[in-house]
1. Using 11 Å as the cut-off for backbone N distance, which residues of the range 136-160 belong to the label zone defined by a point 7 Å from the Cα of residue 271 along Cα→Cβ?
2. Among the listed pairs 195/219; 80/178; 85/219; 111/219; 111/195; 80/219, give every one whose C-alpha distance is greater than 31 Å.
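Here, each number is a calculation from the coordinates, and none is a lab measurement. Please read all numbers here as calculations on a predicted model, not as lab measurements. Counting neighbours? That spans all protein chains shown, and the Cβs are built from the backbone with ideal geometry, glycine included.
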Amino acid sequence: MAMTAALRRVVGGFVGIALALVALPATAQPDIALDYRIYMGGIAVMSMQTRIALENQVATSAPYRIDVSARTVGLLDRIKPLSFKARSWGEASLAGLRVERYESISTKRSKPKRLSIDFAAANAPVAVFDPPPDDPIIQPPASMMNEIIDPPGAFVSVLHAIATNNGCGGTIAIYDGKRRYDFVFGEKTTDKLEKTDLSIFHGRAERCHATVVQRYGFKRKTWSLGGVPSELTVWFAEVLPGAPPLPVRLDTDTGLSGVRIHLTGARLVPVVQESAASAPGNSQNEPIISSGPSAPVTP
């Protein structure tokens, strides 16, 4: 249980970081589809796909959307199968992101759990769990709920920041329906990632390190069992022509084991019917994740 809970939080946190740092060029853009493989203690435990819709940033604001889909693989999938889908959407501008809604569904042993967070509610974000959690959830104080974003939205926010101000410094305030925590980023540096069969990318990449600060809703006993990590490092690089730098690797530690996430596929997907503005209105709509081949990338 601790391992699968840790994986859900790693997936959510990684997706959150990546989108926070990316902004697309000022023309009509296709969606970005990315594939990842998650390793824990050197063993592949999950596959993950994301699809990012982030439109023209020249206007005062433009809609964005991110879809995430992940599931266990290998031995873990046979012992403790877990799947996870999420969608987040809102408005992006040069000033940052404003999330409107987050929806997710996680399924373990054929038992689904749904979560929706309405960030556009009048007074404060409203989180709805189905089924309700065993322990009562106490909303963080209003003073902690300013300029907050969901975990996948944090991913967009980091990407957006990297592209708009050429840096990954600053703080991202995150609310996941139960907990409030911050990603506090330091300045970026440049690394050279060595070639590996586990990733499509090798070469120069920008390294961003973040410290995770717990603000509200954490239980001491869950920290050592693989809760939200205390720090993480993400590497960004130019992978697709015309696209912003994208996350190619992430390293962190869940408290149970070291975790590494490798990029295994990247492609641009033309938008035919659905755009970031046409986000679903309820949790019955499943995230749209595309598939297809990707070539190795070397800058």
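1. none
2. In this structure, 195/219; 111/195 lie more than 31 Å apart at Cα.
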